[in-house]
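Report on one structure; see the data block that follows.
Please treat every number below as a calculation from the coordinates, not as lab data. Predicted model, so just to flag it, every value in this text is computed and none were measured. Ideal geometry is used to build each Cβ from the backbone, glycine not excepted, and the neighbour counts take in all protein chains shown.
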Amino acid sequence: MTDVHVPKMGMSTVEVDVVSVLVAVGDAVQVGDELVEIEGDKATFAIEAEVAGTVAEVLVEVGDEREVGDVVVRIEEAR
């Protein structure tokens, strides 16, 4: 199982808002597929899959506020 985290977006950004959830549990994803869009102080950013597999859990919803390092999606890696 691979956890996908909110990345560090800048020196001062600590919290981000979830503006779009692009996957659902059971979706197949490839490396580079966009999973969640977040918005920080100055930019909107897409969090991408770092592994190929199936979405096992989506831990955020649109409108959620999260901190850098929080888990947003869990992916069961393809075998």
Filter segment 47-79 for residues that are exposed (fewer than 13 other Cβ atoms within 10 Å of the Cβ) and at negative phi and give the result. GLU61, VAL62, GLU65, GLU67, GLU77, ALA78, ARG79
Based on this model, can you work out whether VAL60 counts as β-branched (Val, Ile, Thr), touching a Lys or Arg at 6+ places or on another chain (Cβ under 7 Å) and in a loop (DSSP other than H, G, I, E, B)? yes
Hey, does segment 66-76 have a residue that's free of Cβ contacts under 8 Å to residues at least 60 places away in the same chain and over 12 Å from the mean Cα position of the chain (by Cα)? no
Selection from segment 39-54 of residues that are touching a Ser or Thr at 6+ places or on another chain (Cβ under 7 Å) and closer than 10 Å to VAL16 by Cα: GLY40, ASP41
For a quick check of your reading of the model, give me the residue pairs whose first member lies in segment 52-63 and is touching a residue at least 40 places away in the same chain (Cβ under 8 Å), whose second is among the small types (Gly, Ala, Ser) and surrounded by fewer than 15 Cβ atoms within 10 Å (Cβ to Cβ), with beta-carbon atoms closer than 8 Å and at least 6 apart or on different chains. GLY53/ALA28; GLY53/ALA78; VAL62/SER20
